[in-house]
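The values are calculated or read from the model by the stated rules, or taken from the named source; none is laboratory data. Remember, predicted model here, so these are calculated numbers, not experimental data. Here the Cβ positions follow ideal geometry from the backbone for every residue, glycine too, while neighbour counts run over all protein chains shown.
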Amino acid sequence: MNRRLQERRAQHTRYKQDVARRGKPFYPYAMFHDTVMSLVVVCVIVALACIWKLTTPHEDPSSSGWLGKLYDEKADAGTTNFVPRPDWYFYFLFYLLRIFKWPNTVVLGTVIVPTIALVLLLALPFVDVGKERRPLRRPVAMIAAILTIITMAVLTYKGATAEESLASENLAAVPAWAAKQGFADNPQAVRGARVFAQAGCMTCHTYLNAGSSNLGAPDLSNIGKSSNRGVDGFAEYVADPSKFGNNVMPKFGGPTGLGDANLHALGVFLQSSGTCKPKTDTCPAAGG
């Protein structure tokens, strides 16, 4: 029989003997205590949530109850200023996505690297079975731990101090789009390109190799030439795609949408994409 297996069985036998003489086993006693405390914590959280909800006046949810307001303002689905960010303990993954960008390497940052780290963490108790616990006697384990801590700390710091992620990068690409697509001299098209970069369009659409392709959304680099809806037609489509049979794309019109001016500029930008020629004045006029 394997010597290591014999040692582990002997240790387990001694543990059982010690428990029988001096104490109680972890299961079920310690687990029962942990379960009870977990239930108490959950009940406290539920009670606080009920108090927060029930003490807020229903006629005015923006006023304060015992534990504060339910919310200040209704969410604006058409905002172009807010860029969501994760909680601080996910900043390291947030920054990994800035290293492994769309479209070819994002799977490394979202799946492969975190999975490898998790597998190594789960395998650690089965790999490191030595009895030695003094740090100076375990150089490999200590170096690995220190490097892991430093890496996590650096990625977390970089994620916390990074500029507003992909939206700012897409916004910075607008001048290059305008030059390549030939609408640099059309202020309305440039404004529409900025709206396109900030409004979340590029979470599903791609444009000149930027953005990400999701939910079957097409590339819009030449949409003006391939679709040719016209400025007003594009603005109307973006305002309410469901009128045209598209029930996947969200509506950007209405009281909480982008606004008529932004929708019109977006229409000019889309009609200009693929129909302009660099260094010419062949772009669509602002009128449609």
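The number of residues in the range 174-215 that are farther than 20 Å from residue 261 by Cα and either among the acidic types (Asp, Glu) or outside any helix (DSSP H, G or I) (or both) comes to 13. For the range 1-109, the helices (runs of 4 or more DSSP H) that sit wholly inside it and include 3 or more residues that are more than 30 Å from residue 211 (Cβ to Cβ) and at pLDDT below 80 are 3-22. Please go through the range 227-245 and pick out each residue that is more than 18 Å from residue 273 (Cβ to Cβ) and part of a loop (DSSP other than H, G, I, E, B). If the condition is that a residue be more than 18 Å from residue 273 (Cβ to Cβ) and part of a loop (DSSP other than H, G, I, E, B), then 240, 245 are the ones that fit. With respect to (1) under 16 Å from the mean Cα position of the chain (by Cα); (2) assigned to a helix (DSSP H, G or I); (3) modelled with pLDDT under 85, the lone exception for residue 171 is condition (1).
Scanning the range 152-164 turns up one or more residues that are within 30 Å of residue 272 (Cα to Cα), without any contact (Cβ under 8 Å) to a residue 40 or more places away in the chain and not basic (Lys, Arg). Residues considered: 192, 253, 257. Of these, the only one that is under 26 Å from the mean Cα position of the chain (by Cα), surrounded by 16 or more Cβ atoms within 10 Å (Cβ to Cβ) and farther than 30 Å from residue 106 by Cβ is 253. Looking across 113, 119, 140, 129, one residue alone is over 20 Å from residue 85 (Cα atoms), of a type outside the set (Ser, Thr, Tyr), touching a residue at least 12 places away in the same chain (Cβ under 8 Å) and part of a helix (DSSP H, G or I). It is 113. Please verify whether residue 258 is among the aliphatic types (A, V, I, L, M), more than 19 Å from residue 173 (Cβ to Cβ) and modelled with pLDDT under 85, treating the condition exactly as stated. So residue 258 passes the test.
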